Amino acid sequence: MKTLLVTGGAGFIGSNFVHYVLEHTEMSVTVLDKLTYAGNLASLEGLPAERFTFVRGDICDAGLVDSLVAGVDAVVHYAAESHNDNSLQDPRPFLETNIIGTYTLIEAARKHGKRFHHISTDEVYGDLELDDPQRFTEETAYAPSSPYSSTKAGSDMLVRAWVRSFGLAATLSNCSNNYGPYQHVEKFIPRQITNVIDGIRPKLYGAGENVRDWIHADDHSSAVLAILERGRIGETYLIGADGEKNNKDVVELILSMMGQAPDAYDHVIDRPGHDLRYAIESSKLRTELGWEPEFANFDAGLAETIKWYREHEGWWRPQKAATEAKYKEQGQ
Ligand code: NAD
Ligand code: DAU
């Protein structure tokens, strides 16, 4: 595998993956990205020009997708509408990009006989009780809660159907919550870090008991690369780094690390249908492909992320005011 088409490569996880691949392999990468509000070309600065090409376009554009897929060895599909809160305000773009966009890509991959890797989320499995000893596995039944997660579940089903019905050479991965550089300020961790920088009190939805299973974006990238290179066709791999923490603990940690009183945050209106807990059992990936996370210490990874946002204000500042204005309208 020498050439990759990475969709959504100007977004948070896609851009981290592009940096990771160009640093750790000899492969060349073409990014296809629509540059929605979530895409940022500044996240792709400094990449080696001879191995990197950027194409602005929509994954729903069948002609463009067909010509790009024809020219590469494999497709890694990150592009999506990714934010739950937005999906509750306006679901339509989620159906278009996550469902029709995925369909458009797998049709092209089928036609040209190309290897395909589909990036998905643990949210397709719904949520767990706080005291449930079980975690999500590859066998857990799908039970998505939000417009976002239901469209991701739909896209997973399309990829699985194309494997079975058409022999598409695809793998899938469902990962837990990522943190790290280049994440949009609408998301939980960057929102609170940049709020503290701006002297705004962090905002916790509801009581803050909801648990997310945090993984550093670089660990997500190394797992995807392992699956792309050594994963079994047709298989799904769950990606997680045993990083369960509730939101209240994360906000308090951010405040302490940034020199503030740990209780200097506000409780705001809860997210409708808010999933209580996600937790990933990733032993299939670890035993079959020998993958292990490098960022085993969440506190150290979070401190590094806080440092990154402090040092890259020019990257996030243009989005901050509009993002907070939108949240304010929603009472959040
Ligand atoms: P993001 O919102 O930061 O980035 C999405 C990117 O896709 C943006 O660059 C955007 O411009 C692009 N895009 C959107 N619609 C497009 C279209 N129609 N055509 C082309 N490009 C389009 O998202 P993210 O957090 O980086 O998530 C990337 C993928 O990883 C998604 O598929 C998401 O479901 C999955 N995922 C995310 C997480 C997480 O914690 N963020 C965890 C597991 C899985
Ligand atoms: O689990 C993987 C998923 O993680 C991905 O599929 C999604 O694309 C990604 O956005 C993320 O979804 P979440 O909804 O878990 O992430 P978010 O950053 O929006 O919120 C994390 C938790 O923090 C969630 O319980 C809601 C809460 N929250 C969020 C914001 C923005 C707050 O308490 N306050 C906030 O201001």
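The range 263-331 and the range 117-164 have Cα centres lying 20 Å from one another. Overall, the anisotropy analysis places the chain in the prolate class: the square-rooted eigenvalues a ≥ b ≥ c of its C-alpha gyration tensor yield a/c not less than 1.5, with a/b exceeding b/c. Between 0 and 90 degrees, the angle of helix 313-329 with respect to the longest Cα principal axis of the chain falls at about 70 degrees. Is the shape of the range 1-73 best called rounded, prolate or oblate, per the rule: a/c under 1.5 gives rounded, else a/b larger than b/c gives prolate, else oblate, with a ≥ b ≥ c the square roots of the Cα gyration tensor eigenvalues? Oblate shape, in that a/c is at least 1.5 and b/c is the bigger or equal ratio. All distinct Cα pairs of the range 20-161 go into the 1/r average, and the inverse of that average, the Kirkwood radius, is 16.6 Å.
Report the antiparallel proportion of the DSSP beta bridges in the range 173-296 as a percent, rounded to a multiple of 5. Bridges in the range 173-296 that DSSP calls antiparallel: roughly 25 percent. Computed from Cα positions, the angle between helix 298-311 and the longest principal axis of the chain comes to roughly 90 degrees.
Using the rule -39500 (n - 2.57) for each DSSP H run of four or more residues, divided by the residues of the chain, the 222 nm mean residue ellipticity is -12500 deg cm²/dmol. Listed by chain and number, the aspartates and glutamates placed with their C-alpha closer than 13 angstrom to that of Lys284 are Glu138, Glu139, Glu235, Glu292; residues fewer than eight positions away on the same chain are left out. Note on Trp315, Trp214: ascending count of other Cβ atoms within 10 Å places them as Trp315, Trp214, the fewest first. Of Gly46, Gly11, Gly57, the residue with the greatest mean-square motion in the GNM of the chain, using alpha carbon springs below 10 Å, is Gly46. With contacts taken as Cα pairs under 8 Å and at least 6 residues apart, the chain reaches a relative contact order of 17 percent.
Overall shape of the range 236-282 was characterised from the C-alpha gyration tensor. The equivalent ellipsoid obtained from it has semi-axes of 26, 17, 6 Å, in decreasing order. Footprinting exposure proxy ranking of His19, His184, His220, fewest other C-beta atoms within 10 angstrom first, gives His184, His19, His220. Note on the chain: GNM, Cα springs under 10 Å; of Asp73, Asp131, Asp249, the largest mean-square fluctuation is that of Asp131. Helix 12-24 and the longest principal axis of the C-alpha atoms of the chain enclose an angle of approximately 60°. Here's the list of lysines a cross-link from Lys326 could span, going by alpha-carbon distance under 25 Å and ignoring same-chain residues fewer than 8 apart: Lys34, Lys152, Lys187, Lys203, Lys248. Using a/c under 1.5 as the rounded threshold, could you call the range 248-332 rounded, prolate or oblate? The axes a ≥ b ≥ c are square roots of the C-alpha gyration tensor eigenvalues, and prolate needs a/b larger than b/c, oblate otherwise. Prolate, since a/c reaches 1.5 and a/b exceeds b/c. Of Arg277, Arg310, the sequence from fewest to most neighbouring Cβ atoms within 10 angstrom is Arg310, Arg277.
Read-outs: derived from the displayed coordinates by stated rules, not from any lab. Predicted model only: the values in this text are computed from it and were never measured. FYI the Cβ positions are ideal-geometry reconstructions off the backbone, even for glycines, and counts take in every protein chain you see.
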